[in-house]
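The values are calculated or read from the model by the stated rules, or taken from the named source; none is laboratory data. The model shown is predicted, which means the values in this text are computed figures rather than measured ones. Every residue, glycine among them, receives a Cβ derived from its backbone with ideal geometry; neighbour counts consider all protein chains shown.
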Amino acid sequence: MIDLYYWTTPNGHKATMFLEEAALPYRIVPIHIGRGEQFAPEFLRIAPNNRIPAIVDHEPADAGPPLSLFESGAILQYLADKTSSFIPQDLRGRSMVLQWLYWQMGGLGPMAGQNHHFVQYAPEPLPYAIERYVKETSRLYGVLNKQLGDGRAFIAGDYSIADMACYPWIVPHERQRQTLSDFPHLKSWFERVRDRPATVRAYEKANEINTTPVVDSASRSLLFGQDAGTVR
């Protein structure tokens, strides 16, 4: 059994997409980040960065005590290795998937996240920041569109954790001021992933848990006001 500490954000969706695809038994433990539940001591013991998702695997491969992980990319890689699924077993195929997984973790996610912040949540419009992150999001969409433009159905060939990592960050494309029709290969890929039964189930679970915006007036200071004092 996997305990999934989760909220309905792009990084949270990555984990449910994998768990639904792999049909692993799991239990969702909601962590309402808008109410500050990510600062609970019991959660911080699992996720010291006070971010979701995190998991506890009660049946790790070494037959040892429960194993906890935080960081969505690390979780995807761990689950792929645990199940020998959604990551190739050969050197070159595995390397291809991991490149694109880390590309999302280091590029698409952080840049789209800054886009979200300055376009939607900053207390006043900052034209330089908005232009900077909207353009960089566009560039990253272009990189992914090019990768998908050589006949690949999915980012690294077969459907993999690279696709699961990227897809949730493309879902809010309109809020990122991106138009999918400008990226035809990306658009086709997006629709293929969207229509997978496991993706549908993952997003249905999200709607069962939360149907309100994560960021509102009450949660802004919790989400955007942290500094080193938060972790002391």
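Being more than 23 Å from residue 16 (Cα to Cα), of a type outside the set (A, V, I, L, M) and in contact with a helix residue (DSSP H, G or I) (Cβ under 7 Å, 6 or more places away or on another chain) is the filter here; which residues of region 177-219 pass it? Walk me through how you get there before you give the answer.
The first filter runs over region 177-219 and keeps only residues more than 23 Å from residue 16 (Cα to Cα), leaving 177-185, 216-219.
Still in the running and of a type outside the set (A, V, I, L, M): 177-179, 181-185, 216-217, 219.
Scanning region 177-219 gives 177, 178, 181, 183, 185, 216, 219.
The residue that is surrounded by the fewest Cβ atoms within 10 Å (Cβ to Cβ), among those in region 101-121 that are among the aliphatic types (A, V, I, L, M) and over 14 Å from residue 178 (Cβ atoms), is 105.
Restricting to region 184-208, name every residue that is outside any helix (DSSP H, G or I) and surrounded by 13 or more Cβ atoms within 10 Å (Cβ to Cβ). Give the steps one after another, and end with the answer.
So in region 184-208, the residues outside any helix (DSSP H, G or I) come out as 195-196.
Matches in region 184-208: 196 only.
Just name the residue that is nearest to residue 20 (Cα to Cα) out of those in region 135-175 that are in a helix (DSSP H, G or I) and of a type in the set (Asp, Glu).
Within region 135-175, the subset in a helix (DSSP H, G or I) is 135-150, 161-170.
Still in the running and of a type in the set (Asp, Glu): 136, 150, 163.
Working: 136: 31, 150: 29, 163: 14 Å.
Looking at the filtered set, the residue picked out is 163.
Taking the criterion of being touching a His at 6+ places or on another chain (Cβ under 7 Å), at pLDDT 95 or above and not assigned by TED's automatic domain parsing to the domain that holds residue 141, would at least one residue in region 72-82 satisfy it? No, because not a single residue in region 72-82 is touching a His at 6+ places or on another chain (Cβ under 7 Å), at pLDDT 95 or above and not assigned by TED's automatic domain parsing to the domain that holds residue 141. Here the condition is being of a type in the set (S, T, N, Q) and closer than 20 Å to residue 92 by Cα; of 138, 160, it holds for 160 alone. Filtering 181, 217, 221 for residues that are exposed (fewer than 14 other Cβ atoms within 10 Å of the Cβ), of a type outside the set (Phe, Trp, Tyr), assigned by TED's automatic domain parsing to the domain that holds residue 76 and part of a helix (DSSP H, G or I) leaves a single hit, 221. One residue alone among 13, 58 is under 22 Å from residue 220 (Cα atoms) and either in contact (Cβ under 8 Å) with a residue 24 or more places away in the chain or of a type in the set (Gly, Ala, Ser) (or both), and that residue is 13. Could you list, in sequence order, the residues of region 62-76 that are assigned to a loop (DSSP other than H, G, I, E, B) and surrounded by fewer than 15 Cβ atoms within 10 Å (Cβ to Cβ)? Those that are assigned to a loop (DSSP other than H, G, I, E, B) and surrounded by fewer than 15 Cβ atoms within 10 Å (Cβ to Cβ): 62, 63, 64, 65, 66. Residue pairs whose Cβ atoms lie under 9 Å apart, sitting 6 or more positions apart in sequence or on different chains, and linking a residue in region 209-232 that is in contact (Cβ under 8 Å) with a residue 12 or more places away in the chain to a partner that is outside any loop (DSSP other than H, G, I, E, B) and β-branched (Val, Ile, Thr), are 209/28; 214/33; 219/33; 222/33; 223/33. Among the residues of region 44-67, write down those that are under 14 Å from residue 27 (Cβ atoms) and either assigned by TED's automatic domain parsing to the domain that holds residue 109 or small (Gly, Ala, Ser) (or both). The answer is 54, and nothing else.
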